[in-house]
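First up is the structure itself, then whatever we jot down about it.
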Amino acid sequence: MLLFLLACASPTPEPAPEAPTTEASAQVKLSPKKVTQVEGTADRATDDSGARVAGTPYSWAMTLEASTTLPAEKDLHAVYSLRDGSPLTAWIAEGNGQDAVISFTPNEPTPWPREIGIVGGFAQNEETWANHARPVQIELRFKQVLRVTGQRVPVWKTSHLNFPADAEPLKPVYFRIDNPCGDDLTCASMFRDLELKVTKVSEGDNLAISEVLFY
């Protein structure tokens, strides 16, 4: 009986502290022209078996920032155009957009996406698509939190997305994103932040991106 009372009186252990970030390089510093919160849900479409329906992107609530945006009436080219689900709008950079940075921050931790789809150019129609520069290469940086053996470990994952020269106009280009946990069942990963830095652009002015989709 005494042992039982002592066990009940034991204090609840405090959660494990967050370990330091594993990447030494500094995060890209943004000078946002526009900061917009985009509403959405953390749900995803599933079929009767619970599997995600092919072609259905996540609709997460996010805060978006862009280092450059072309001024326009009624914010027609604002950064939130990247997540409004409409090809009739697009984020457009001021100038050719070289080294422009866009950040996406979910309002709450979300599951690690398996794929990202990017509609480069202004996809309203073939004329707008031809009249704006498009990304040729994007540096993608994810911040995620791994839960490994009871500890939360923030890490940055960097990769380069190269758009094929024969990419179909007005259509998204899809890139696979590997989950760094792999097959480790003791590891869980959550998506926290994402940065897209346009490192190469096509010829032309006013770089445009119409949509960024997470799957």
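Quick note: the coordinates plus some simple rules give every number you see, no bench work behind them. Worth saying up front: this structure is predicted, and the values here are computed from it rather than measured. So basically every Cβ, Gly included, is an ideal-geometry build from the backbone, and we count neighbours across all protein chains shown.
What to note about this one:
- Counting every other Cβ atom within 10 Å of each residue's Cβ, TYR215, TYR174, TYR58 order from fewest to most as TYR174, TYR215, TYR58.
- Along principal axes, Cα extents of segment 78-144, largest first, whole Å: 38, 25, 21
- Annotation for segment 76-94 versus segment 95-149: alpha-carbon center distance of 12 Å.
- Environment charge of ILE177, counting only residues whose C-beta is closer than 12 Å and scoring Lys/Arg +1, Asp/Glu -1: +2
- Legend: ranking of residues HIS77, HIS132, HIS160 from fewest to most surrounding C-beta atoms inside 10 Å; resulting order HIS160, HIS77, HIS132.
- Å³ per residue enclosed by the Cα convex hull of segment 68-215: 105 Å³
- FRET efficiency for the pair LEU76 and ARG176, taken as 1/(1 + (r/R0)^6) with r the Cβ-Cβ distance and R0 = 45 Å, rounds to 0.90.
- Long-range amide H partners of GLU211 with built H, under 5 Å: VAL119
- A simple spin-label model places the labels of ASP99 and GLN137 1.6 nm from each other, with each point 7 Å out along Cα-to-Cβ.
- Counting neighbouring Cβ atoms within 10 Å and putting the fewest first, the residues THR69, THR63, THR158, THR149 line up as THR149, THR158, THR63, THR69.
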